[in-house]
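Presented below is the structure to which this report refers.
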Amino acid sequence: MAVLRTRNLKKYYGSGENQVKALDGVNLFVERGEFVAVVGTSGSGKSTLLHMLGGLDIPTSGEVYVDDKNIGKLKNDALCVFRRRKIGFVFQSYNLVPVLNAYENIVLPIELDGNTVDRAYVDRVIDVLGLKDRLQSLPSQLSGGQQQRVAIARALAAKPSILLADEPTGNLDSRTSQDVLGLLKVTGEKFAQTIIMITHNEEIAQLADRIIRIEDGKISEGYEPDDIGRRKIPGEGGEADE
Ligand SMILES: Nc1ncnc2c1ncn2[C@@H]1O[C@H](COP(=O)(O)OP(=O)(O)O)[C@@H](O)[C@H]1O
Ligand SMILES: [Mg+2]
């Protein structure tokens, strides 16, 4: 089963001459456990796509299905709950709460959701991300790379269906970027976590299982869309793989 798929997803901003087609008919199909990189130049629609996938913004038309649920049908409160439980976000800025230490930041979303922390699982995530010795530190006492690792741990802690990352290493030097992404990949594999990561860096994209290219709001490479939003398997005459 696809953990995520979209059908003819469009997002237009403005109208008339000023209209921008940020997304213009995107059909995407992501299997559980896949690590997908979305690449494209600045302004190609990457962030817009991520916002639609994570229910942060509403498409002009088309649908997004997460775990086979059409998220466009969710009302405000339900959409909030959906985001908290199903999606882990990692952005370029780490967005950590400055007065909470690393551990408190990691478990904050779970506690806000009124759930008990799966301590054994969270400890494993912390371990893989190499944060064991930094749990008592405040964000201000951590390097950029460490702060982003805390943000990744926080995104994974609630066991989301999908981890969405928008230029997660955009603020890090290239060496630290490689370290953080290596860890992201390892954690993804260890916990069979589906990851969709945006980047404009080709080298970074190579770490992913699959690369999707977006150009002027359309997917241009790495994926063969069809009108029902499923991926065609090469050599199978266009049969959908569901
Ligand atoms: N809120 C908005 N209002 C108007 N235009 C927008 C808005 N957000 C994005 N855009 C436009 O949509 C296009 C895609 O933007 P974006 O998804 O941020 O690109 P990327 O992340 O690939 O750099 C750009 O032309 C951008 O200017
Ligand atoms: Mg962007």
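The values are calculated or read from the model by the stated rules, or taken from the named source; none is laboratory data. In this text, all values refer to a predicted model and were calculated from it rather than measured experimentally. Here the Cβ is made from the backbone with ideal geometry for all residues, glycine too, and neighbour counts use every protein chain on show. What goes into the accessible areas is simple: the full protein's heavy atoms, side chains included, and nothing from ligands, DNA or RNA. Shrake-Rupley method; radii C 1.70, N 1.55, O 1.52, S 1.80 Å.
Among residues of region 34-49 that are within 9 Å of ligand 1 (Cβ to nearest atom), none has a Cβ under 7 angstrom from a residue that is open to solvent by 30 Å² or more (accessible area, probe 1.4 Å) and assigned to a helix (DSSP H, G or I) at a sequence gap of 6+ or on a separate chain.
The residue pairs whose first member lies in region 180-203 and is within 16 Å of ligand 1 (Cβ to nearest atom), whose second member is part of a helix (DSSP H, G or I), and whose beta carbons are closer than 7 Å, counting only pairs six or more residues apart or on different chains, are Ile196/Leu53; Ile198/Lys46; Ile198/Ser47; Ile198/Leu50; Thr199/Ala205. Residues in region 16-31: is at least one within 20 Å of the chain's Cα centre (by Cα), within 9 Å of ligand 1 (Cβ to nearest atom) and under 30 Å from Lys190 (Cα atoms)? No, region 16-31 contains no residue that is within 20 Å of the chain's Cα centre (by Cα), within 9 Å of ligand 1 (Cβ to nearest atom) and under 30 Å from Lys190 (Cα atoms).
Among the criteria (1) within 11 Å of ligand 1 (Cβ to nearest atom); (2) of a type in the set (A, V, I, L, M, F, W, C); (3) farther than 19 Å from Ile211 by Cβ, the one Met1 does not fulfil is (1).
For region 216-242, the tally of residues that are modelled with pLDDT under 50, part of a strand (DSSP E or B) and among the basic types (Lys, Arg) stands at 1.
Filter region 184-210 for residues that are hydrophobic (A, V, I, L, M, F, W, C) and open to solvent by less than 40 Å² (accessible area, probe 1.4 Å) and give the result.
Leu184, Phe191, Ile195, Ile196, Met197, Ile198, Ile204, Ala205, Ala208 - these are the residues of region 184-210 that are hydrophobic (A, V, I, L, M, F, W, C) and open to solvent by less than 40 Å² (accessible area, probe 1.4 Å).
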